[in-house]
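Beneath this line is the structure, given in structure tokens, with notes to follow.
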């Protein structure tokens, strides 16, 4: 199941995780890599390193929710494998819920439809740790009850099941990766910024920083290159097919502790403030990663190392905050 000499399509490949995945795929010696993105979240700047290392990288502006557009990309490039990371993010669903849900479902349906028509062989579908909602059982296994707390989360729960249904009904070659909270270089620092780049940006300007709620809510953070390594392991192993697979650190950390660690790294001494809880904010996440470990993967970068590397990258790339 190697990617060597294959033609690979990464939808959403100009985004944070997508661009790191492209970097990782390059190491597998593929024949061709195609990026399909409408740049809603992604940026061509995220692909500078990939372009330097793989000059024939093909970047196509494409709306994956438009069947004709994505069909043309797949047909014209003789695609073998699709990594589907195209997504409308959680914050959008709080202001445009119906549009977000429809877009996310349509993007996955279109990819599944093409696979069912034998336009490509293998689909690696990206899920979200938001799909199951807040933890009801700790650690959260892949069969954790599904109780999404936002329209975005509901759309991701739906697309998980859509992709798996095409595996069960039509025999499509599908694996679903459920990554928990991602962090690392290139995460959006302005539009829909995650907590880590948001805090770094504010501390750089010595602005007040705050957390929503009491700060005791937890997340399972995983450094992005660990996630891309897991993605390749999952792709290469047939035992992953027809399954949702958690990709996480297997450790939880409080949001307030994340903020304090960043403050310590940046010598930020102002008091951390608190605001009312944020709508749709899950209370606790901690993944069970025993399944992905059976495929030969374990996380390599612990949070102290990962957050140091991440903060260092932002301090060396301050232009992302402009």
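Observations
- Selection of segment 256-286 for residues being in contact with a helix residue (DSSP H, G or I) (Cβ under 7 Å, 6 or more places away or on another chain) and closer than 21 Å to residue 306 by Cα yields 258, 259, 261, 262, 263, 265, 266, 268.
- Test: residue in segment 24-31 that is within 17 Å of residue 184 (Cβ to Cβ), in contact (Cβ under 8 Å) with a residue 40 or more places away in the chain and in the same structural domain as residue 121 (by TED's automatic domain parsing): yes
Matching residues to (1) in a loop (DSSP other than H, G, I, E, B); (2) touching a residue at least 60 places away in the same chain (Cβ under 8 Å); (3) farther than 20 Å from residue 217 by Cα:
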{"position": "86", "(1), (2), (3)": "yes, yes, yes"}
{"position": "110", "(1), (2), (3)": "no, no, yes"}
{"position": "114", "(1), (2), (3)": "no, no, yes"}
{"position": "128", "(1), (2), (3)": "yes, no, no"}
{"position": "158", "(1), (2), (3)": "no, no, yes"}
{"position": "162", "(1), (2), (3)": "no, no, yes"}
{"position": "177", "(1), (2), (3)": "no, yes, yes"}
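- Being touching a residue at least 12 places away in the same chain (Cβ under 8 Å), part of a loop (DSSP other than H, G, I, E, B) and either assigned by TED's automatic domain parsing to the domain that holds residue 22 or surrounded by fewer than 24 Cβ atoms within 10 Å (Cβ to Cβ) (or both) is not true of residue 93.
- Residue 271 being out of contact with any strand residue (DSSP E or B) (no Cβ under 9 Å at 6 or more places or on another chain) and more than 27 Å from residue 172 (Cα to Cα): yes
- The requirement of being on the phi < 0 side of the Ramachandran plot, in a loop (DSSP other than H, G, I, E, B) and modelled with pLDDT of 95 or more is satisfied by residue 300.
- Residue satisfying condition, being at pLDDT 95 or above, outside any strand (DSSP E or B) and buried (at least 16 other Cβ atoms within 10 Å of the Cβ), within set 59, 25, 8, 33: 25
- Per-region count, segment 47-79, residues under 20 Å from the mean Cα position of the chain (by Cα) and within 19 Å of residue 231 (Cα to Cα): 2
- Unmet requirement for residue 207, which otherwise passes all of (1) assigned to a helix (DSSP H, G or I); (2) farther than 27 Å from residue 96 by Cβ; (3) out of contact with any strand residue (DSSP E or B) (no Cβ under 8 Å at 6 or more places or on another chain): (1)
- As for segment 78-89, it holds at least one residue that is out of contact with any helix residue (DSSP H, G or I) (no Cβ under 7 Å at 6 or more places or on another chain), modelled with pLDDT of 95 or more and surrounded by fewer than 17 Cβ atoms within 10 Å (Cβ to Cβ).
The values are calculated or read from the model by the stated rules, or taken from the named source; none is laboratory data. It should be emphasised that the depicted structure is a prediction, and the values quoted were computed from it without experimental measurement. Note that each Cβ is placed from the backbone with ideal geometry, even for glycine, and that neighbours are counted across all protein chains shown.
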